[in-house]
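Everything below concerns the one structure shown next.
The values are calculated or read from the model by the stated rules, or taken from the named source; none is laboratory data. Bear in mind the structure is a predicted one, so any value in this text is a computation, not a measurement. Cβ atoms come from the backbone with ideal geometry, glycine included; neighbour counts cover every protein chain shown.
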Amino acid sequence: MNQDYKYTSETPVGNLPNLFILADGMGGHNAGDYASRYTVETIVDSVQNNSDTSPVAIIRQAIGQANRAVMEKAQTDIDLEGMGTTVVVATIWKQELCVANVGDSRLYLAGKEAFTQITKDHSYVQEMVRRGEISPEAARLHPDRNIITRAVGGGYGIEVDFFEVELKEGDRILMCSDGLTDMLEDEEIFEIINEKQNIEDAVEELIEAANDYGGNDNITVILTEPFSDEVKIC
């Protein structure tokens, strides 16, 4: 069952000039699948109907609305009880990237010389890394690495992290679920993105490499070249 769900629009959605969303659901039966899809659809609908002009305000309100919708839906159907999802949302506003995340789905910025994780994982193991209790290398193999500490649907007082990054010519933006990052080291991901001129080839190789390492989870990738009007999704 694919519990990942994605949405991309290179054209305006409401007052946002473009919109990219990736969600990775959790929950038994169909709950994770439903949570990710319902969250993304609710965010898109909220953005389309928001008259605000601030990207941060628009996205914050959309994620809050999605969180309430997931919580309320879970209370009406026993099969959906306890469902939730990660989400990472991005929009490119002029020369700036605005990003929001909840959970451990990630957004990276791949520059000419550096590969930087912009989002911060909201997970039990990454909290241990930030406190200096374990190393990043140990975190990748930790048995509890997929336990997240924040999720859409995890409570009414949802906390969303926001990041704003100035983009430069040649930058590529990678959004992905943990199906990719659990299988590949950051260095391997950057090498694949860097060696491929065509982003379609890069995405296909990322998916293939993750599957070659075991492909233990759904793998979703959105790779964007902000200054070339090209997006590849898989």
- Task: Scan region 12-59 for residues that are assigned to a loop (DSSP other than H, G, I, E, B) and modelled with pLDDT of 95 or more and report the count.
- Result: 11
- Query: Between a first residue in region 195-223 that is hydroxyl-bearing (Ser, Thr, Tyr) and a second residue that is outside any loop (DSSP other than H, G, I, E, B), which pairs have beta carbons less than 7 Å apart while being 6 or more apart in sequence or on different chains?
  - Reply: Thr220/Asp4; Thr220/Lys6; Thr220/Leu22; Thr220/Cys176; Thr220/Gly179
- Task: Go through (1) in contact with a strand residue (DSSP E or B) (Cβ under 8 Å, 6 or more places away or on another chain); (2) closer than 15 Å to Ile158 by Cβ; (3) surrounded by 20 or more Cβ atoms within 10 Å (Cβ to Cβ) and name the single condition Val40 misses.
- Result: (2)
- Query: Where residues in region 106-121 are outside any strand (DSSP E or B) and of a type in the set (Val, Ile, Thr), which of them is farthest from Asp24 (Cα to Cα)?
  - Reply: Ile118
- Message: For region 177-194: of the residues being touching a residue at least 60 places away in the same chain (Cβ under 8 Å) and under 13 Å from Ala110 (Cα atoms), which is surrounded by the fewest Cβ atoms within 10 Å (Cβ to Cβ)?
- Response: Glu187
- Query: Yes or no: Thr86 at pLDDT 95 or above, in contact with a Pro (Cβ under 6 Å, 6 or more places away or on another chain), closer than 30 Å to Glu169 by Cα and crowded, with 19+ Cβ neighbours inside 10 Å?
  - Reply: no
- Query: Does region 65-73 include one or more residues that are in contact with a strand residue (DSSP E or B) (Cβ under 7 Å, 6 or more places away or on another chain), of a type in the set (A, V, I, L, M), crowded, with 19+ Cβ neighbours inside 10 Å and in a helix (DSSP H, G or I)?
  - Reply: yes
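Is it true that Glu204 is surrounded by 14 or more Cβ atoms within 10 Å (Cβ to Cβ) and either closer than 16 Å to Gly103 by Cα or more than 15 Å from the chain's Cα centre (by Cα) (or both)?
yes
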- Filtering region 101-128 down to residues that are among the hydrophobic types (A, V, I, L, M, F, W, C) and within 14 Å of Leu174 (Cα to Cα) yields Leu107, Leu109, Ala110, Ala114, Phe115, Ile118
- When Asn101 is evaluated against the numbered criteria (1) of a type in the set (S, T, N, Q); (2) surrounded by 21 or more Cβ atoms within 10 Å (Cβ to Cβ); (3) over 22 Å from Gly153 (Cα atoms), which criterion, by number, is the only one it fails? (3)
- Filtered residues of region 195-218 (kept if more than 20 Å from Asp104 (Cα to Cα) and of a type in the set (S, T, N, Q)): Gln197, Asn198
- Query: If you scan region 17-43, which residues turn out to be closer than 25 Å to Pro226 by Cβ and more than 18 Å from the chain's Cα centre (by Cα)?
  - Reply: Pro17
- Item | Every residue from region 48-61 that is buried (at least 23 other Cβ atoms within 10 Å of the Cβ) and under 15 Å from Val152 (Cβ atoms) | Ile59
